[in-house]
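J.: One structure coming up, written as structure tokens, with questions to follow.
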Amino acid sequence: MSNPAQPSDSLLSVYRTAFEHSRQGFCLLEKVPTLTTALSDFRFLLTNSAFEQHMGLYQAVGKTIRQLVPQAEGQTIDYYDGVARTGQPIHFEDYVSALDIWIAVDAFRVGEFDQPTIGVLFTNITQPKLAEEALRKSEEKYRLLGLASSDVIYTMSPDWTQMHQLMGKTFLADTNDLNASWLEIYIPPEDQSQVWQVTQEAIRTKSTFELEHHVRRADGTIGWTFSRAIPVLDEQGAIQEWLGAASDITARRQALESQQQSKDRLQLALDVAQLGTWNWNLLTNEGYLDARGAELIGLAPGYLANVAQAQMASIHPDDLARTEASVLAGIAKGVPFGLSYRVIHPDQSVHHIRSRFQVVADRTGRPVELMGTNLDVTAEYELTTALRQSQEKQAFLLALSDALQALANPVEIETTAVRMLEEYLGSTQVQFGQLIGQDVIIHQGYGSHQPQPPRMNPFRSMTLGVKPPVTGQVQVVADVAMDPAQTLAEREVLLAAQIGAYITVPLVKQQQWVATLTVYSSQARSWTSSEVDLVQETAERTWAALERVRAENALSQSEEQLRQLSANLESQVQQRTRELAAANHELVINNQALAEANGLLVRSNANLQTFAYIASHDLQEPLRKIQQFGDLLKTRYTDSTSEAFVYLERMQTAASRMSTLIRDLLNYSRISTQRDENAPVSLQTIVATVLNTLDWTIQQTGAQIQVGPLPMLTGDASQLGQLFQNLLSNALKFRQADTPPLIQVWAQPVKSVDLPAGVKPGRVAVQYHRIDVVDNGVGFEDKYLDRIFQVFQRLHGKNEFAGTGIGLAICEKVVTNHGGAITATSQPGQGATFSVYLPG
């Protein structure tokens, strides 16, 4: 069963309100199976409040007629059964003895032919029936008495200002007295003006007074009356009086109003169902269309001289022959039938119409009239079509995914996608192009154009009917000949290639145009949105399958490389294991050698300590005696110019120099063998102490010393004092002859990453203190930088500058003990700068 278009919530609310507040009872019945085919029964599916009130049946939904009314007449149920079976609506009046009421019934089938569901409209006509019966009796009395059909006889004055007599029986109160207030007494206010105007017109024209109007009845209720009065004229034609009769037509008017209400309710039901009605006189060919029926097929409402021709003219040409044949066949059979077809409105819009036909025959069985309803099912058709297309599209995409998933060859993937899309769309040719540099690999199937094998061609816009995409926007052209986006030359080329319409889907990945899927039709073709979406999805899934294959190939290659790498790694691990075992063996041997070396070093240090003791005591003792005996001899040889005195001077100088050398070697030995005692040391204090020690030399040389802020660091105060004493002593000693010494000492932090290339501290640290000792002395050439920190290395003769050549070696040893480094820069005659780097 197709799904009808769903109305909006607001429209549903209107329907629901109309349904619940309708004065006409309505129920929806469903035929139910029974134990015997002779006893049909129907179950209530839906009722409204008016049905419950008219029929006295409450909470009927879900129950059957025979359950609620066991004594229900079989004829009524047979009527319903006939409607459900044939689909032919029926109208009948029925007296329900169980409820003591009269009802008017309109039954009609709801839904398609195969659904035994009917709708029933109930109208309680008990009062109209009673009124009709009363009217019948009154008419019979009138016939017997030979009087006008009246309940009231009255006479009026010539000018209608006074009522002379009134015999109202039970309708109006009798009166035999003159009554000047008859208008106010008998006529309700809303009708008084009309009644008076009609009486005055009758007086003026001396014609019969006739009028239906409201009247106040004897029981005080307001009813309806038909009043008729004739003037009684004298010989001169003057009005003598008026003789009149009035009939109680209240029941008839109520019946008419009830009938109108029934028609209004029926029209409301038609409006709710959005049904249009029409009829066609088969003998005269005339017919009538109501407003809705005319609107649905694009015609004007009202009577038509040739309704068949007018309706057939609106039917879609493709449906005309079928529809005409079906209508004629249905008329010939004389049974209700249905038909669906398309119509074209004046605005050229196409609508889908579902019509129900009812054939009316005369007594001889000859069809004389065709009645029916029209329903616009365009929304339902479009919804059904969209649902069907969506299901077909999803089935295609599922089959495409399954087919592509089983493939591992890129060419097979592309050709399979092209072939399946061509088979689905029909009358098309499909090309899939994958860009490789400036070229594209094109794989196409066999559609409406001349097939060609896959090839490598430059991807040009005109050869494929495609212009290079900028943003990946899909191009949909329904008619190449009318495409404003193409130039005339471009359209001619495309048409010459039998390309009448196309869809182009460029695939843009990461802002790169990677492929294009194009669908061609040799004729102009109106592409549906579903087809465009399908082509887009096919392109994406084809590219996804290609990416999957690439990824699988890459993974396979990676796995192979990984296997090779694993094998190589295992071989290297085995080799490394063997090397490590050998290294461990060698390490054991080295450790043993190192232990022996450590033992030798301990003995060497002990021997060095012994040497230091000998140097400080035993070696110095002969030198002291040489110096003492020399001093004694010098007291005897007072002549300083004699050769003996000169020899004594030279002997004592050599002894003094030897003593100094021994002392310096002792200091160097102690620095090399003694462990530094690390403690917080203020370099500011160290330098101040050194300057105090060198104060006499500073004064003698006229030196100027400038010391900047110096840091605190951890180290051996004694060794650091030796370091700066040697550096400052050298700066004072190697001064220029005619220039007072200028010595500067300052410090600055230096990060490890900023150390000069040639500086390699012995200890790794994040930051170092750089202490510079700068002088303006004689300087030296940079090529001697590696020599000055070696033991006994001198750049000047001993007659030029005194010294042993050990002082800077001691400086280098102190700095090394503290994990630092020392270097120098200089040019001859331009002074020297010694830079010490100590961990901070």
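J.: Among the listed pairs LYS31/LYS393; LYS63/LYS137; LYS733/LYS813, which are separated by more than 30 Å between their Cα atoms?
T.: Flagged as over cut-off: LYS31/LYS393; LYS63/LYS137.
J.: Now for a different question. Could you list the GluC sites (Glu not before Pro) in the range 278-355 that lie in coil according to DSSP, counting only those with at most 12 other Cβ atoms within 10 Å of their Cβ? Show your work: numbers first, answer last.
T.: Numbers: sites: GLU286, GLU295, GLU324; in loops: GLU286.
Here no loop site has a sparse enough neighbourhood.
J.: Another question about this same structure. Output needed for the range 483-583: three equivalent-ellipsoid semi-axes, defined as square roots of 5 times the C-alpha gyration tensor eigenvalues, in descending order, whole Å.
T.: Whole-Å semi-axes of the equivalent ellipsoid: 57, 14, 10.
J.: Kirkwood Rh over alpha-carbon pairs of the range 336-380, then Stokes-Einstein at 4 °C and 1.567 mPa s: what D in µm² s⁻¹, rounded to an integer?
T.: 107 µm²/s
J.: On full extension of the chain, what length is gained from SER13 through ILE90, given 0.36 nm per residue of separation minus the C-alpha to C-alpha distance? Write out the running numbers ahead of the final one.
T.: Numbers: separation 77, 0.36 × 77 = 27.72 nm, distance 2.94 nm.
Working it through step by step, the gained length comes to 24.8 nm.
J.: Using θ = phi - 60° and the Karplus form 6.51 cos²θ - 1.76 cosθ + 1.60, what ³J(HN,Hα) does each residue of the range 180-186 get, whole Hz, x for Gly and Pro?
T.: In residue order, the calculated couplings are 8, 10, 4, 5, 6, 6, 9 Hz.
J.: While we're looking at this one, here's another question. Ordering ARG578, ARG550, ARG525 by accessible area with a probe of 1.4 Å, largest first, what comes out? Present the calculation step by step, with values, prior to reporting the outcome.
T.: Values: ARG578 135, ARG550 85, ARG525 50 Å².
The residues order as ARG578, ARG550, ARG525, largest area first.
J.: Could you calculate the contour length gain from LEU633 to SER193, that is, 0.36 nm times the residue separation minus the distance between their Cα atoms, to one decimal place in nm?
T.: Difference between extended and current length: 140.6 nm.
J.: What is the range 351-441's relative contact order, in percent, from Cα pairs under 8 angstrom and six or more apart in sequence?
T.: Numbers: 67 pairs, mean separation 14.7, N = 91.
Averaging sequence separation for qualifying contacts and normalising by length gives 16 percent for the range 351-441.
J.: Using a 7 Å offset from the Cα along the Cα-to-Cβ direction at both GLN498 and GLN348, what is the distance between the two label points in nm, to one decimal?
T.: 3.0 nm
J.: What whole-number value in Å² describes the accessible area per residue of the range 681-754 for a 1.4 Å probe?
T.: 52 Å²
J.: Here is a further query. Can you order the peptides 717-728, 689-700 by their average number of other Cβ atoms within 10 Å per residue, highest first? All intermediate terms of the calculation are to be shown ahead of the outcome.
T.: Details: 717-728: 22.2, 689-700: 13.5.
Ranking the peptides 717-728, 689-700 by packing returns 717-728, 689-700.
J.: Also, quick follow-up: Heavy atoms of the protein only, probe of 1.4 Å, neighbouring chains included. What is the accessible area of TYR424 in Å², nearest 10?
T.: 80 Å²
J.: By accessible area of protein heavy atoms, probe 1.4 Å, what ranking do PHE26, PHE432 get, highest first? If you can, show how the numbers build up before the last one.
T.: Values: PHE26 40, PHE432 0 Å².
Solvent-accessible surface, decreasing: PHE26, PHE432.
J.: Here's another thing I want to ask about it. Quick check: at a probe of 1.4 Å, how many percent of the accessible area of the range 564-604 sits on carbon and sulfur atoms?
T.: About 60 percent, which is the carbon plus sulfur part of the accessible surface.
J.: Can you put ASP775, ASP738 in order of accessible area, largest first, using a 1.4 Å probe?
T.: My answer, sorted largest first, is ASP738, ASP775.
J.: Counting heavy atoms of the protein chains only and a 1.4 Å probe, report the per residue accessible area for the range 494-594 as a whole number of Å².
T.: On the way: 6210 Å² over 101 residues.
Here the per-residue accessible area is 61 Å².
J.: Can I ask one more? Please get the size of the charge dipole for the range 299-438, origin at its Cα centre, with Cβ charges of +1 on Lys and Arg and -1 on Asp and Glu, quoted in debye to the nearest 20.
T.: On the way: 10 positive and 15 negative charges, 138 e Å.
So the dipole magnitude of the range 299-438 works out to roughly 660 debye.
J.: Next question, about the same structure. Output the peptides 232-238, 124-130, 514-520, 707-713 sorted from most to least packed, where packing is the average of other Cβ atoms within 10 Å over each peptide's residues.
T.: In decreasing order of mean packing, 232-238, 124-130, 514-520, 707-713 become 514-520, 124-130, 707-713, 232-238.
J.: Can you compute the modelled spin-label distance between GLN240 and TRP513, with each label point 7 Å from Cα toward Cβ, in nm?
T.: According to this spin-label approximation, the distance is 11.3 nm.
J.: Given points 7 Å out from each Cα along the Cα-Cβ axis, report the GLN75 to SER340 separation in nanometres with one decimal.
T.: 3.9 nm
J.: Tell me, what does the Kirkwood hydrodynamic radius of the range 699-781 come to in angstroms if you use every pair of distinct C-alpha atoms?
T.: 14.7 Å
J.: Between THR161 and ALA688, what length comes free when the chain is fully extended (0.36 nm per residue of separation minus the Cα-Cα distance, one decimal in nm)?
T.: Net length gain for the segment: 174.8 nm.
J.: Based on the Cβ-Cβ distance from GLU133 to THR208, what FRET efficiency comes out when R0 is 35 Å, to the nearest 0.05?
T.: With R0 = 35 Å, the Cβ-Cβ based efficiency is 0.75.
The values are calculated or read from the model by the stated rules, or taken from the named source; none is laboratory data. Note that this is a predicted model, so its numbers are computed, not measured. Please note: Cβ atoms are built from the backbone with ideal geometry, for glycine as well, and neighbour counts cover all protein chains shown. SASA here: full protein model, heavy atoms, side chains in, ligands and nucleic acids out. Shrake-Rupley method; radii C 1.70, N 1.55, O 1.52, S 1.80 Å.
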